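The structure appears right after this line, and notes come after that.
Taken together, the values in this text are just the output of simple stated rules run on the coordinates, not laboratory data. Fair warning: this is a prediction, and the values are worked out from it, not measured in the lab. No Cβ is skipped: glycine too gets one built from the backbone with ideal geometry, and neighbour counts run over all protein chains shown.
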Amino acid sequence: MIILLDAMGGDNAPDANIKGAIKAINQISAKVVLIGKEEVIKQRIKELYGKDIEDISPRLSIKNSTETIEMEDIPTQAIKHKKDSSMVVGFNMLKAGEGDVFISAGNSGALLTGATLLIGRIKGIDRPALAGILPAYKSRLLLMDCGSNTNCKPINLLQFAQMASIYLKNTFGMRAPAVGLLNIGTEETKGNELTKESYRLLKENAEKLDINFIGNVEGRDAFSGKVDVVVTDGFTGNVFLKSVEGLGKFVKRSLTESLTHSILAKIAALPSLPAIKRFSKTVDYKEYGGALFLGVKKPVVKAHGSSDEKLFEFTIKQAEKFVENKAVDKMIEAFEGKNIVEDNKEEKE
């Protein structure tokens, strides 16, 4: 197996990307290819570790690219004109079968555009979407979409629910993952036009598409452990995601300060340290890696733009599992003959 990593994408590139890859390489069996400016990557490895890349691991290598897609670049133009960028080179390698999964923490819009244009959508899916995994009470929560489609139609949210359900069944072995629609209230009549129409579509097609739709879910109930998937548009999902991340950082910081503000507090906290560490690990979003782009023909993973070495490490290990579990192959198989868009068109005709 070969994992392709965009070494130039993200706020902390290339150091965090390199460090994360080197931390992960001895925990996985796959090869990792760092894609980016070869001389820069080699120099940073030498400065950080005092070794050449060949001396670190035989399963670690570099694929040279001369350009980088920046966060401020216009996605479509960047994909079309920066053909030797680390992101486009990665997509072309994935498409050509020179890798099994591609990871990038770069420009989200460009990653979605490249995945759609260069890799291609699965038949029956209008828009691929980011499936982000978050901690929940004694469980995990899949947020779909967490940032790739800021403007959505109800049919998109229906497909998000279907993709998320298939993904959790095949990758995590869930028999009937509970799917909720993010809304401002649990009543069927609540929400804007998008959520009301999406609710109707989900309710009408849930049995046909084998979706365990439990209705509307408010943000405060998302982490209760009673819902496995929260479906929303990418704009709302990204705001939700970053609010949760910010709250998690606030809680951890406040807890740490409370337990260390005095000698007595530190002494009193000692017996509770194992429980505190378990709690910190549970609420740390970095433990859950990146978000898989569901809906494209090959595995593409979006790492957080501000990823540090720890998050890259977990994302690389997670990417290996995506490939091993054949998440994309099973998605393609499940969508064959289940194109709800075509079914609706035929009904209207």
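Tell me, rounded to the nearest percent, the portion of alpha carbon pairs in segment 132-285 spaced more than 24 Å apart. Mind showing how you got there, number by number?
Working: 4605 of 11781 pairs.
The share of Cα pairs beyond 24 Å in segment 132-285 comes to 39 percent.
Using a simple charge model, +1 on the beta-carbon of Lys and Arg, -1 on the beta-carbon of Asp and Glu, nothing else, what dipole does segment 132-285 show about its Cα centre, in debye to the nearest 20?
Details: 20 positive and 15 negative charges, 147 e Å.
Roughly 700 debye for segment 132-285.
Once amide H atoms are placed 1.01 Å from N in the peptide plane, what residues at a sequence separation of 5 or more from V217, or on another chain, have their amide H within under 5 Å of its amide H?
L181, L182, N183
Please report, in debye to the nearest 20, how large the charge dipole of segment 160-221 is about its Cα centre when each Lys and Arg carries +1 at its beta carbon and each Asp and Glu carries -1 there.
Numbers: 8 positive and 9 negative charges, 38 e Å.
The dipole of segment 160-221 has a size of about 180 debye.
Would you be so kind as to identify which of S254, I184, G234 lies farthest towards the positive end of the dipole of segment 132-285, taking Lys and Arg as +1 and Asp and Glu as -1 on Cβ and the Cα centre as origin?
Positive-most Cα among the choices belongs to S254.
Please say if segment 64-138 is rounded, prolate or oblate, where rounded means a/c under 1.5 for a ≥ b ≥ c the square roots of the C-alpha gyration tensor eigenvalues, and otherwise the choice is prolate for a/b larger than b/c and oblate otherwise? The partial results should precede the final answer.
On the way: a/c = 1.64, a/b = 1.46, b/c = 1.12.
It is prolate, given that a/c is not under 1.5 and a/b is the larger ratio.
Along Cα→Cβ, 7 Å out, is where each label goes; now give me the distance between the ones at L247 and R200 in nm to one decimal.
Using points 7 Å along Cα→Cβ, the separation is 3.1 nm.
Could you give the dipole magnitude of the chain about its Cα centre, charging the beta-carbon of Lys and Arg +1 and that of Asp and Glu -1, in debye to the nearest 20? Present the calculation step by step, with values, prior to reporting the outcome.
Values: 49 positive and 46 negative charges, 181 e Å.
It works out to roughly 860 debye.
Just to confirm my numbers, what's the Cα centroid distance between segment 204-247 and segment 64-97 in Å?
If we compute the Cα centre of each part, the gap is 32 Å.
Distance cut-off 21 Å, Cα to Cα: go down the list K31/K317; K123/K203; K51/K82; K138/K310; K51/K302 and report the pairs above it.
Numbers: K31/K317 11 Å; K123/K203 23 Å; K51/K82 31 Å; K138/K310 23 Å; K51/K302 29 Å.
Result: K123/K203; K51/K82; K138/K310; K51/K302 exceed 21 Å.
At a Förster distance of 30 Å, what's the computed FRET efficiency of E193 paired with F172, Cβ-Cβ distance as r, to 0.05? Walk me through the numbers on the way to the answer.
Details: r = 33 Å, r/R0 = 1.09.
Efficiency, from the Cβ-Cβ distance: 0.35.
First select every other residue whose beta carbon is under 9 angstrom from the beta carbon of P154; then total the charges, Lys and Arg +1, Asp and Glu -1. Walk me through the intermediate numbers first.
Details: positive: K153, K196, R200; negative: E193, E197.
Net local charge, P154 excluded: +1.
K266 to E324: extension gain in nm, 0.36 nm per residue of separation minus the Cα-Cα distance? Can you show the working numbers first?
On the way: separation 58, 0.36 × 58 = 20.88 nm, distance 4.43 nm.
Working it through step by step, the gained length comes to 16.4 nm.
Give the shape of the chain as rounded, prolate or oblate, defined through the alpha-carbon gyration tensor: a ≥ b ≥ c are the square roots of its eigenvalues, a/c under 1.5 means rounded, and otherwise the shape is prolate if a/b is larger than b/c and oblate if not.
Values: a/c = 1.96, a/b = 1.15, b/c = 1.70.
Oblate.
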